[in-house]
Each structure stands twice: as C-alpha cells, then as structure tokens.
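The values are calculated or read from the model by the stated rules, or taken from the named source; none is laboratory data. If you're wondering where the values come from, they're calculated on a predicted model, not measured in any experiment. Cβ atoms come from the backbone with ideal geometry, glycine included; neighbour counts cover every protein chain shown.
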Amino acid sequence: MSIFNFRFYFFTAYCLLLTVYSYAQYPGYKSVSDATTFRKKAQEYTRKTNSLESDFKQVKHLSMLTENSVSKGKFWFKKDNLLRWEYKEPVQYLIVLNSGKAYIKDNGKVRKFDMNSNRIFRQVNELMLAAVKGDILESADYKITYFEGTDSFLAELLPLQKNMKEYVKNILIYFDKKDFSVIKFRMTELSGDYTEVEFGNKKANISLESGIFTGN
C-alpha cells in the first residue's frame, strides 16, 4: 500500500444552502436551523471524551474498479493526539499516529515517518485527528455547511487551502444525534473516488495502555 493511498484512507462546509438544494444534495437531510447549538454539543462531546475504542468498516470506491474495496478493523484514540488504526480484513495493516510520528506496519515491516516534515502528511494527520474528535468544525481550513437527518447530523466540509483542493472535493462527517459522536465520515477526491469509514461498537473513556500506540 503506497503512502499516496494512505492519505485517503482515513478520510477518516460551507455557505448555507437552500432547503430544496440540500434535499437534492443529501436525500433525507435538510439544513440545520441552529448550527451554533449543534457545534456546541459536538464540542461538549469532544471535551469529555478522553479515549475511544471502536470497530470500523472502510469502503474504498475507485471508478476504475467494478466493485468497492471493503476493509474491517479496530480503532483506538487517546488524548492527546494518539491514534491507532488496525486493519484485520482482508489484509493486516497498521497505522499509528503518536506525537507527530506515523508508524506504518505492512507485511511485518514497520516504517516511521515524521508528520511535521511534510506539509501534506501534517495536514492529513490533523484532518484524521480532527475528524475523529469532531473539533474539525472549528477549522478555518474548510467552508462548512450543516444538515440534519432523522438520526444524525451531517457536516459537509469544502477545503479552502490550495494543496488540499488539488485532490479533495469534499469531506462529509456524520454525527450521532444521541451523543454527538462521529459515526461515519467520507472523503471524496476530485475524480469522484471516495473513502468512507463507518464506526461501530464504540466505547468511550475506557482505560488504554500506552503500548497500544506504538508500531507493534
């Protein structure tokens, strides 16, 4: 798996649109009437969440392929800025973000990268963490529009920075109405290809050993 593809794996907005347009854009969703209250609720969940463990399902859509690529695994997050993505199906693959470093384990080999030495890596790192934590809603790097459905809220993010706009069309983040946690996000490339990650069996504020966030 190349580093180029890694950029899109975890990915793990906007002016207010007319209601008619929002329904056409995202069926089942309408524009949020009170975006300020929604953001406060999402921030409140972020502040009180110190750790998170979850299963995930990732769908990668490539226009050149007839079928989507589906992967499954487990995810861990711990404040501050510790992240572990462990792919278990159909292949084993590991990505760990820890203190500005990225550890990638593939075919038993671990590679280490300095996220801060590369602007794209740094932005992807920040995007992944912000999307998972939900505080991406405060980022000035995106134009954000909010929508509301029956069971979830939807934030659509349009990148404003040139280097992100060169390969990202938009990012969609879905929040559970029950607790305002992130339940799914999708990043769509300019080509129309996308990566979607859905979380399940979430456990918040559980004890996590520091050894989880190594490249082992």
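Here is how the numbers come out for the structure above:
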item	result
Residue list for the range 2-59, restricted to those being part of a loop (DSSP other than H, G, I, E, B), closer than 27 Å to Lys72 by Cβ and at pLDDT 50 or above	Ser2, Tyr26, Pro27, Gly28, Tyr29, Thr49, Asn50
Scope the range 60-89; condition more than 26 Å from Gly100 (Cβ to Cβ) and part of a loop (DSSP other than H, G, I, E, B); matching residues	Leu62, Ser63, Met64, Leu65, Thr66, Glu67, Asn68
Residue ID - modelled with the lowest pLDDT, chosen from residues in the range 127-141 that are part of a helix (DSSP H, G or I) and either among the hydroxyl-bearing types (Ser, Thr, Tyr) or under 19 Å from Val32 (Cα atoms) (or both)	Asp135
Looking only at the range 163-200, and only at residues there that are more than 16 Å from Leu137 (Cα to Cα) and among the hydroxyl-bearing types (Ser, Thr, Tyr), the one that is modelled with the lowest pLDDT	Tyr167
Any hit, the range 164-171, residues being in a loop (DSSP other than H, G, I, E, B) and more than 19 Å from Gln58 (Cα to Cα)	yes
Of residues in the range 164-189 being more than 30 Å from Met64 (Cβ to Cβ) and aromatic (Phe, Trp, Tyr), the one surrounded by the fewest Cβ atoms within 10 Å (Cβ to Cβ)	Phe180
Of all residues in the range 25-74 being closer than 30 Å to Pro90 by Cα and among the charged types (D, E, K, R), the one that is surrounded by the fewest Cβ atoms within 10 Å (Cβ to Cβ)	Glu67
Residue match in the range 142-149 (condition: in contact with a Lys or Arg (Cβ under 6 Å, 6 or more places away or on another chain), in a strand (DSSP E or B), modelled with pLDDT of 90 or more and polar (S, T, N, Q))	no
The range 107-126: number of residues that are assigned to a helix (DSSP H, G or I), at pLDDT 70 or above and closer than 27 Å to Glu89 by Cα	1
Residue ID - surrounded by the most Cβ atoms within 10 Å (Cβ to Cβ), chosen from residues in the range 75-99 that are among the aromatic types (Phe, Trp, Tyr) and touching a Gly at 6+ places or on another chain (Cβ under 7 Å)	Trp85
The range 190-211, residues that are surrounded by 19 or more Cβ atoms within 10 Å (Cβ to Cβ) and out of contact with any Ser or Thr (no Cβ under 7 Å at 6 or more places or on another chain)	Thr195, Glu196
